1. Here are A:100, A:121, A:177: which of them is in a helix (DSSP H, G or I), on the phi < 0 side of the Ramachandran plot and within 14 Å of another protein chain (Cβ to nearest Cβ)?
2. So, residue B:297, is that one surrounded by fewer than 22 Cβ atoms within 10 Å (Cβ to Cβ), modelled with pLDDT under 90 and away from every other protein chain (no Cβ under 11 Å) or not?
3. Looking at residue B:63, is it buried (at least 16 other Cβ atoms within 10 Å of the Cβ) and within 19 Å of residue B:351 (Cα to Cα)?
4. Keeping to region A:374-393, report how many residues are at the interface with chain B (Cβ under 7 Å from one of its Cβ atoms), in contact (Cβ under 8 Å) with a residue 24 or more places away in the chain and more than 16 Å from residue A:456 (Cβ to Cβ).
5. I'd like to check something: does region C:195-206 contain any residue that is surrounded by 15 or more Cβ atoms within 10 Å (Cβ to Cβ) and within 14 Å of chain A (Cβ to nearest Cβ)?
6. Filter region C:177-194 for residues that are facing chain A (nearest Cβ under 9 Å), surrounded by 24 or more Cβ atoms within 10 Å (Cβ to Cβ) and part of a helix (DSSP H, G or I) and give the result.
7. When only residues in region B:195-206 that are touching a residue at least 60 places away in the same chain (Cβ under 8 Å) and farther than 27 Å from residue B:152 by Cβ count, which is surrounded by the most Cβ atoms within 10 Å (Cβ to Cβ)?
8. Name the single residue that is farthest from residue B:103 (Cα to Cα) among those in region B:154-169 being at the interface with chain C (Cβ under 8 Å from one of its Cβ atoms) and under 19 Å from the mean Cα position of the chain (by Cα).
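The values are calculated or read from the model by the stated rules, or taken from the named source; none is laboratory data. As the structure is a prediction and not an experimental result, all values here were calculated from the model. No Cβ is skipped: glycine too gets one built from the backbone with ideal geometry, and neighbour counts run over all protein chains shown.
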């Protein structure tokens, strides 16, 4: 999509910036920060998300804000984009103190945001999405919109069909539209919140090109991420948030002069403090993660076999087409792919939540194609869903009932259809202890637990009572680092010591490289390749994620 | 204006509740009990207040009006028995609503299920009671009513289960069809040859359901109370009840846990309709003995407010239904005195429902939990079926 | 002879269809706006009754049909204010509030009617028809289509306006975004609350106008609960119309005709029991729903309250 050499710099400068008199280029000399936050604090019930945060974001600079999940990055971004109001502190734009009390105000102040969750409306066309909120006059100015889109597409070197519905675009394209949307009203500051989370390695490269181009035009780019190597690759300035506070910030003078490993040591020290030593091999912290060698002792006998499994594509989905997979005892088979390429469909058809239109699924040699969810569950096939709030748990029921949610009516928790509370309570207490679920009690309503503890509830339920094969769908998505590590350890332990096979579906390539024995790649509902995990395999996996026909 | 006054009143009463509990520093159980009570009574008081204002505006004396309601519905010897008799069908219908709402099924068509069952019971009743021993006839008629009431939900239940079609609309359409169909039956095959007005034959008074000794209250009330307790037990203590609750609270979690959503939806819907049918049998066999064309007591809609106020708890429904029965029986008298239609009570119920949402808001959903299952909103947006 | 019968039959069918279809048209146009904006207005019928009663009373005392229609729309709008405060601003449950409005408004108008008129039902003069030159002379369909009260033409004009608003204005885009993905609209700097408030209020005004049409133009009297489910049929039409104004018109007129079919049949000597007549539109709705069950499309965020920062 990017045509490589940026040949439209002049056009771009004039289009995006000249009107505001901002001089382009990173070398344009010291001018005041584009945006600055001073002593900004924001608390939510029970958490202080931002604690006296002070940071300055300059024109012509990519400022990476790094921190793990829950460090307060998104809160800071939401304050700048007008979604949240800070409890105290000041926000300055071009040296003037401003109140950003709505997204509209942020846009007027020239702050454009690309949110982590897509904000494109699937049923709208590209142009409609871009023009949404423009709000000048009564009539939609379609001609003007088309002209503006044309200009943006040219400057950024993109090809866009303005009348295609957003849902038809690939995710990488959707994100490019999101960026155009953020720049649409002449923004001088661009905030990107975890923009790489749904991109392929190649998509990330293209994104990096666009970002450096925008930086060279003089925009202030705020790049929010939890991945250390992204900060090292892209940041002119790197700041670290931890527990809502700024625990480190290094400007271009430091970042440019220190070596990569020196910077890495600085950052890891700031991010994790004294515990840093033990955390250094965490994928998120390691620089340039790569695959690990396949374990020995495999292959064992196959426990789960998918033969030409197909699933009908529902609205807005890609479905699954003739997928063949074999999972052996004790093996971890990673399924890599960009989000929305059939991951959920695949997981659900294996779990029995979706009907197949063709093919067969065999568990330990026996076909389970006609077995329902409950039957598969009791045969030892388990599914850890990626949506722990939406479908994994019932918020209004107790933790205890959620732990036996898939055994309603079964002995020993029910007898003759009647509930046996002591039996449930007993089992629940054991699981709460065994899985380190932090809850006031088993009677507590599940909806009051934190995301990490909810995930533990789901894991406790799925991994207990004799599992044989577990399908994990994004098992660490949105968890803090400590819980992430605990979950990954559990997946690995269960596979290595108990021989429980795992189908690890994840959009986090690093997680897959870290845990898997083999890696299958899902693209538009098809498996485009299966490779053994090994150091250096990520490039190949990345190509497969784009469909496999895009070699170097 | 009104809204701010309301807010003030509510927040004051809330503060009072808080203060009381703080003063006692008692167990949280007592606290919660008081809280629920306050949340049930608050909207009722507010609705009565606003209705009083309307009465004043219409030049009626609200104190007289409310006094008439209470004295006729509660403190008059005949009146209180009428009130108890009225409770029987209301309790049965409320049970039906609780089963449905717990499972996130909006069975708004209760009146159609009720009336159609009533028409059949009234049509088949006289010949059957003449030909068979009474007890046997009653059982057959009740079963008929249950089947008719349940059967009338099949179309909306199937459309919801299969296509995710919004059952509010479909069950309401079925009600309009059912009401007219009942009329057709009464004017056609069931029409009595002995009367001018179109109606069914009359079951003689002494052949109606037996009375509780010493009263005019028929045993249908006992049946209704048993039904309420049974529903409470099933919903709280059994696997089937829990399955319905999981479906209601989070349909996607229900699918994830391997529950058959279509089957539960259809069973829950039909069960709900069955209670509506039973309510009709009890009312016809216990009170009227016949059904006139165009008769529609409209029991269904007002019950929504009561069932929500009871937070879908079957036991808590009993006092609330008692309250409504007083309003409805006493209100009939009071309205006639004031030359107003019975629909005045309908308005009160609507206002109760409206204020209930408001107190619910003020209480804060996250803190105390809502009256609605959490899954409802999702189910609404997506229609439930095509997720 | 048989030609005459057919002509009379057709003419009765069309004019009856318009008579019964116009309230449905207004109501379903209102619901279309509301649903596109993400507000499910179950209380539509209540708003129609409020509009019907208010419009009737105002017409009766002012002797101006137009003033009455306007007042009806106003009453619907004021009733919809409840939806705005409770559902859009406070984020309360749209179904419960809708049912509350339905019940309360029904009771309220019935009480007012009795308090004011006792058990008498005064009758209004018919609204004078406006003939459109030339067109009104077309045989059969001419008099039934082009010699209608002016409000009918206004109704069709409103369809065109709505079509234009939804397709080619910023407001239309905002409205659809509020129903599909309110967080996207918010992120784009437009107030979701404002857009949805406008949607809910317009729905109320349209429903009120529909109710007023029913009492002032259609019946000439106000009877408690006279809407008899029209509001709900309006909701179904809006659901099936999927935001396309033209489909809403066709749907409304077809349902209107299903009501007038029996009257027309009587003209040719076939009598149908009144209960069958009353049942017919609802059976029609059910049949249509069964056939087109898969086609009913509702906006993704319909019925969901929007609160910033909660996904």
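1. Selected residue: A:177, the only one of A:100, A:121, A:177 that is in a helix (DSSP H, G or I), on the phi < 0 side of the Ramachandran plot and within 14 Å of another protein chain (Cβ to nearest Cβ).
2. yes
3. In short, no.
4. 2
5. Yes, the conditions are met somewhere in region C:195-206.
6. C:177, C:184, C:185, C:186, C:187
7. B:204
8. My answer is B:169.
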